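Just so it is clear, none of the values below were taken in a lab; they were calculated from the coordinates. These numbers were taken from a predicted model, which means no experiment stands behind them. Cβ coordinates were reconstructed from backbone atoms using ideal geometry, including for glycine residues, and neighbour counts include every protein chain displayed.
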Amino acid sequence: MKRIGIGLIAALILILLAAPTQAPAQSAGPVTITLQFAAIRQGTVGLVRVAGEDLAEVRAVFQERVFQFYPDQAGFTGLISAAMEQDVGTYNMQVWVRHGDGTAERIDQDVQVNYGEFGRFDIILPASMMPLLQPDINQAEKDKLFNIAGRFTPERYYTEGFILPSAAEQIGWFGTWRLYNQSFWYQHTGLDMKMAIGTPIVAAASGRVMLSEMVAIRGGFVLIDHGWGIYTGYAHLSERYVVPGQWVKQGDVLGLSGLNGRSSGAHLHWEVMAGGVWVDPLTFLDLGLIAGS
Ligand SMILES: [Zn+2]
C-alpha cells in the first residue's frame, strides 16, 4: 500500500510539473520580438516589433517607463526611448502581451543603450536671466511639459512623417552639457536654429496643439501632440498663431521665431519628446517614421 501511495504521489507531481509546460500550447503560439536596431544611444528612440497570433494588447516597460504598442499590418509596433540622462548599459525591457483569449505573458528582452556622445559648452547669460537658471524653475517647467508629453495618445496623427520646422542654420545640438554662468549645468533638450526674429515656424508633422503660451524658460511656446507618445515643442516664439485644441497639418505656420525666455540670441529651439523623455530631433528625423511604417 505504502509503495502504491508513493507511486501515486510521484505521478501527481509529474502531472503537476508537466502542466505549466503544456499551457503555452493552449495560447496562440509563440510571440516574437524584433528590435529594429542593434543598440540605441542615450536620448534616442528605437522601433520594436512584436508578432504573434491573436495579439490583443502589447506594452513594454523600459527604463521604468511604460510604452504603449500599436497594431499594424505585421503585429504590434512600439517606439521606445532611452533617456539622455540615464546611464549607458544593458537594460531589461519587459514586453507584456495579452492575447485575444485572455491569456497573458511577459517576455524579457535586453536592450543595449550606448553613450550619447554629448559635447559641452559654456554660456554666459545676463544677470537679469539668472533666476531662470534656478533648478526649481527648470523642474517646474519640465513637469508642466511632461504632464502632457508623458501621455500616450492612442491615435496616430503624424500621417506624413516629420520634417524640420525651419531650414535655418543649426547652431546648437541635443544633449550638449551647458555650463551657464559658470554655475549651473543643464543638458540641452532640443535643436537650436539661428534665424532673424519674425521667421515663420512650421509644424513638423500633423497633430493637435496642446500648449500655446508664454513659459519662463522657453518663452513663447507651442507644444503639439502627434499621437503614439510623440510630441514636438517650439520655443522662444515672438508670435503664436495657434491655440490649444487646434488641429494642425505638417507645414502649417505655428508662429514666428523670436528672442524671449532663457535665450541669448534670436533662434528657434525645437524639441522632440517620445515616450516621456526628450530625444534627439535629428536622429528622430533619420528614423523616417511615417504612418504605416
Ligand atoms: Zn535650445
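Which whole-number percent is the relative contact order of the chain (Cα, under 8 Å, 6+ apart)?
After rounding, I find 17 percent.
Rule-of-thumb check for region 87-183: C-alpha Rg over 2.2 N^0.38 Å?
The reported ratio for this selection is 1.62.
On a full-extension model of 0.36 nm per residue, what is the gain between LYS194 and SER264, subtracting their alpha-carbon distance, rounded to one decimal in nm?
So the chain would gain 24.1 nm between LYS194 and SER264.
Which part of region 106-141 falls in the paramagnetic zone of GLN86, meaning amide N under 18 Å from the point 7 Å along Cα-to-beta-carbon?
Flagged as within label range: 107-118.
Compute the length gained on full extension between LEU282 and LYS249: take 0.36 nm times their separation in residues and subtract their Cα-Cα distance, giving the result in nm to one decimal.
Separation in residues times 0.36 nm, less the Cα-Cα distance, equals 9.9 nm.
Can you pull out the trypsin sites (Lys or Arg not before Pro) in region 218-274 whose DSSP state is coil and whose Cβ has at most 16 other Cβ atoms within 10 Å?
Passing both the DSSP loop test and the Cβ count: LYS249.
Jot down the per residue volume, in cubic angstrom and as a whole number, of the convex hull over the alpha-carbon atoms of region 120-286.
Looking at region 120-286, the number lands at 100 Å³ per residue.
Which value in nm describes the separation of the simple spin-label points at ALA74 and GLU117, placed 7 Å from the Cα toward the beta carbon?
2.6
For the chain, what is the Kirkwood estimate of the hydrodynamic radius, computed as the reciprocal of the mean inverse distance between distinct Cα atoms, to one decimal in Å?
21.1 Å is the Kirkwood radius here.
Mind listing which trypsin sites (Lys or Arg not before Pro) in region 133-178 are in a DSSP loop and have 15 or fewer other Cβ atoms within 10 Å?
Of the trypsin sites (Lys or Arg not before Pro), the ones in loops of region 133-178 whose Cβ has at most 15 other Cβ atoms within 10 Å are ARG151.
Taking H placed 1.01 Å from N in the peptide plane, check which residues at least 5 places from ASP72 or on another chain put their amide H under 5 Å from its amide H.
THR77
What does the extension gain come out to for ASP108 and TYR186, with contour length at 0.36 nm per residue minus their alpha carbon separation?
So the extension gain works out to 24.7 nm.
Tell me, what HN-Hα J-couplings in whole Hz come from the Karplus equation 6.51 cos²θ - 1.76 cosθ + 1.60 at θ = phi - 60° for each residue of region 88-103, using x for Gly and Pro?
The phi angles translate into 5, x, 9, 10, 7, 9, 8, 9, 9, 10, 10, 8, x, 7, x, 6 Hz.
By the scheme Lys and Arg +1, Asp and Glu -1, what is the net charge of all other residues having a beta-carbon under 14 Å from that of ILE148?
Net local charge, ILE148 excluded: 0.
Equivalent ellipsoid semi-axes for region 26-85, as square roots of 5 times the alpha carbon gyration tensor eigenvalues: give them largest first, rounded to whole Å.
So the equivalent ellipsoid measures 23, 12, 9 Å along its semi-axes.
Mind listing which chymotrypsin sites (Phe, Trp or Tyr not before Pro) in region 208-293 are in a DSSP loop and have 14 or fewer other Cβ atoms within 10 Å?
Loop-located and lightly packed - none at all.
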